[in-house]
1. With angles folded into 0 to 90 degrees, how steeply does helix C:130-144 sit against the dominant principal axis of chain C? Use alpha carbons for both and round to 10.
2. Along the three principal axes, how long is the range A:78-172 when you take its alpha carbons, biggest first, rounded to the nearest angstrom?
3. Across the range B:1-72, what fraction of all alpha-carbon pairs, as a whole percent, falls in each successive 10 Å bin from zero upward?
4. Quick check: net charge around C:Cys71, other residues with Cβ under 10 Å of its Cβ, Lys/Arg +1 and Asp/Glu -1?
5. Using the crude model of +1 on Lys and Arg Cβ and -1 on Asp and Glu Cβ, and no other charge, please compute the dipole size for the protein assembly as shown relative to its Cα centre, in debye to 20.
6. Quick one: putting +1 on the C-beta of Lys and Arg, -1 on the C-beta of Asp and Glu, what dipole do you get for the range B:64-140 around its Cα centre, in Debye to the nearest 20?
7. Need one number: the % of Cα-Cα pairs in the range A:16-71 sitting beyond the 13 Å mark.
8. Could you tell me, in Å, what Rg and Dmax come out for the Cα atoms of the range C:52-174?
Amino acid sequence: MASKKSPVVTRIKRAQLTSLLSKGKRLGDRGLLDYRPISVEIGVIEKASGSAIVKIGNTKVIAGVKVQLDKPFEDTPDKGLLIVTAEVLPIASPYAEPGPPDEDAVELARVVDRGIRESGMIDVSKLCLIPGKKVLAVFVDISVLNVDGNLFDATSYAAVTALSLSTMPKYQVEEGDTVKDTGEKVPLPITNLPISVTMALLENNLVVDPSLDEESIMNARITFSSSDNNTLCAAQKGRPGGFSVDQIKLAASTALSKGEEIRQILRRCVENGTK
Amino acid sequence: MSEVKRKYVIPGELVAEGSYRNVSNIFRVEQRYYSTRIGLAEVLEDSVRVIPLSGPYFPRVDDLVIGKITDFSAFAWEVDISACLPAFLPAQSVFGREYSPARDSLTNKFAVGDLIVARIAAFDRTRDPLLTVSDHGLGLVSSGEVVKISPIKVPRVIGKKGTMIKTIESGTNCRLTVGQNGLIVIDGSAEGILKAASALKLIEEEAHIADLNQKVQELISKTTGVERNE
Amino acid sequence: MSSLINSEGKRRDGRGIDELRPIKMQVGVIQNANGSAYIEFGKNKILAGVYGPKEVHPKHMSLSDTAVLRCRYHMTPFSTDTRKNPAPSRREIEISKVIREALEPALILTDYPRTAIDVYVEVLQSDGGSRCAGVTAASLALADAGINMLDLVSGCAAGKIDGIPVVDLDDPEDKEGDGDMPVAMLPNLGKVTLLQIDGKFSSEEFEKAFSYAREGCMKVYAMQRKALMDHYFGAEEST
């Protein structure tokens with residue numbers, strides 16, 4: 001018998017979910033457009049330039065930022081580097097195995113990366129110290145600690161929060177193509193806060209923030225990332241199912257409005273400390 | 001010789017010294033008996049045992065269990081009973097000796113995602129647990145909600161001579177089917193199910209306190225609509 | 001190069017030579033895991049999770065009369081001063097083995113034939129002595145999972161800095177010091193199940209450091225016991 005990748009949802013539970021959906025409700029007394037409680041803890045990892053632990057329901061994710069000196073890529077000599085990785089740790093789920101990332105994990109990492117990169121959140125031109133020779137590399141590494149649905153949004157929120165709080169050393173360029181750490185710390189060159197919103201298609205209903213059970217029975221999934229000024233910067237449709245054109249349009253506009261709500265929540269966390 | 005009537009212990013802690021005949025969750029070094037689990041240690045005349053507070057479900061023959069069909073082959077259904085190993089329900093035990101894969105379709109009887117009430121027919125160190133649904137009251141679960149509690153707490157849910165389960169059933173007007181593996185099917189009205197589920201949660205969290213029956217009764221008799229699980 | 005121990009016998013963080021760093025422990029922190037624990041040992045922040053006993057995949061790896069114990073020690077990329085590549089390094093592979101062999105003697109694996117028990121140690125932040133803290137957290141997670149154990153496993157390292165044996169080196173002391181000795185033991189049975197040495201120790205220095213490490217392990221054990229008691233029986237019950 002093959003090993004399973006996600007829990008089998010019982011027929012009884014499926015029937016329950018369907019009956020709730022017909023009344024515009026979901027398990028846990030949620031509306032179709034309601035996120036589960038989101039909590040954020042910042043600055044957990046002192047050795048990192050910035051860090052955040054985000055919980056959406058019981059999904060728990062940690063992101064850490066490290067800033068280091070590096071060489072630029074040949075085709076972009078005056079730009080710094082932004083590297084985003086995401087990993088579902090085997091501790092997070094009975095279905096996660098140690099080893100190289102499978103296609104779901106690779107997709108997760110690349111989608112989170114796109115959401116941040118395409119929004120221009122980090123102005124990488126401001127990370128250049130000596131063109132062609134020395135730039136700063138910003139690493140954002142995200143680890144999923146407990147899986148309970150909607151990893152796309154949780155990993156994204158953890159990453160952007162950690163980046164928003166990160167500092168980098170202020171370097172002074174000296175003779176002989178060297179740089180000196182002045183000892184001063186400055187914030188990363190952040191231009192906006194991209195927010196991802198993931199929706200699932202459940203029995204022809206569009207719901208935000210799918211739980212683990214909902215993910216097991218959803219027909220399809222779509223994630224939109226948007227930046228501050230009502231601009232969509234990344235999208236990814238997943239799972240073998242299809243959306244109607246109207247559903248896609250609805251998903252896009254939901255992502256923009258819901259995204260703004262969540263942006264305010266994360267902004268407040270960054271300003272105040274924890275939620 | 002230190003003897004303790006009842007105390008909380010963790011693995012490796014000394015529970016008693018002497019000579020005892022019956023032990024449970026204990027390992028012995030000469031005349032000293034140590035706990036192998038986190039739990040409540042009890043020393044009685046002839047026995048030393050630790051009632052564990054956590055741990056996996058260990059199937060025993062004749063246990064009633066609630067299982068979820070997760071897969072099937074030509075000859076058996078694979079059933080998740082939340083134990084260390086998956087259990088199997090042989091097609092033969094359902095269709096009879098004359099069972100033929102060509103003629104009898106497994107998925108028509110029980111499909112992936114179905115819940116069943118079954119009994120452990122066989123289990124030992126050399127094989128996966130085998131189930132049977134051949135008795136009265138066993139078979140497909142067609143309605144109700146399933147709640148999962150730690151299997152260690154199941155005796156508390158049933159209570160002495162079934163008193164606790166009767167309290168819940170009468171107070172909520174629901175029927176409870178309690179699997180030894182910690183899965184419990186609650187069948188009744190939506191309100192009743194909610195009350196029963198919160199009663200079960202209370203038992204799981206406070207299994208080790210004394211006047212549990214009273215607390216459960218109080219919880220159930222509260223007016224509906226007020227108590228809400230988060 | 002400033003010294004690691006000053007003239008009053010105090011280390012850079014103000015500790016004496018036989019003082020442990022501040023330690024915090026919590027049980028039951030990862031919902032999905034069968035057992036889990038979190039430990040802070042100085043600046044070390046480490047999670048441990050256990051899945052099992054469960055079915056072995058692939059099937060041919062199962063053993064007919066006992067459980068297979070598998071252990072993975074892994075550091076997140078942001079856990080160290082310099083960012084670490086997420087792929088497992090040789091150091092992590094070695095430590096995974098060492099931790100597994102430190103835990104195995106404490107478990108009654110023969111009670112769970114044909115199954116696997118998976119232990120995951122995730123280092124979120126590392127600062128010297130992470131394998132000892134990791135094995136300590138893993139042992140809590142195994143007890144939390146309800147696996148039959150002969151004893152807990154308690155870990156604490158000792159070492160030598162500025163020529164003097166001390167207990168519990170932090171990262172700078174490990175890097176600049178003269179030797180490092182991680183140790184773990186079964187506290188009630190008195191068995192040493194993890195021992196490594198990295199550096200130079202004379203016979204006397206070894207005895208002293210080893211004795212510091214064992215004392216440290218017993219202090220760690222007292223905290224493990226309290227963490228389990230607090231979690232399971234409520235704070236009033238723990239002595």
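1. Rounded to the nearest ten degrees, it is 30.
2. Taking the Cα atoms of the range A:78-172, the three principal extents are 49, 24, 22 Å.
3. Percent of pairs per bin, in order: 19, 43, 20, 12, 6, 0.
4. Numbers: positive: C:Arg70, C:Arg72, C:Lys97, C:Arg100; negative: C:Glu101, C:Glu104, C:Asp118.
Net charge in that neighbourhood comes out at +1.
5. Values: 91 positive and 99 negative charges, 300 e Å.
With only Lys, Arg, Asp and Glu charged at Cβ, the dipole is about 1440 debye.
6. Working: 7 positive and 9 negative charges, 23 e Å.
Magnitude of the dipole: close to 100 debye.
7. Numbers: 1063 of 1540 pairs.
It works out to 69 percent of all Cα pairs.
8. Cα radius of gyration and Dmax of the range C:52-174 are 16.2, 52 Å respectively.
Any read-out appearing in this document is the output of simple, stated calculations on the displayed coordinates, not a laboratory observation. Given the structure is predicted, the values throughout are model-derived calculations rather than measurements. Positions of Cβ are backbone-derived with ideal geometry, glycine not excepted, and every protein chain shown enters the neighbour counts.
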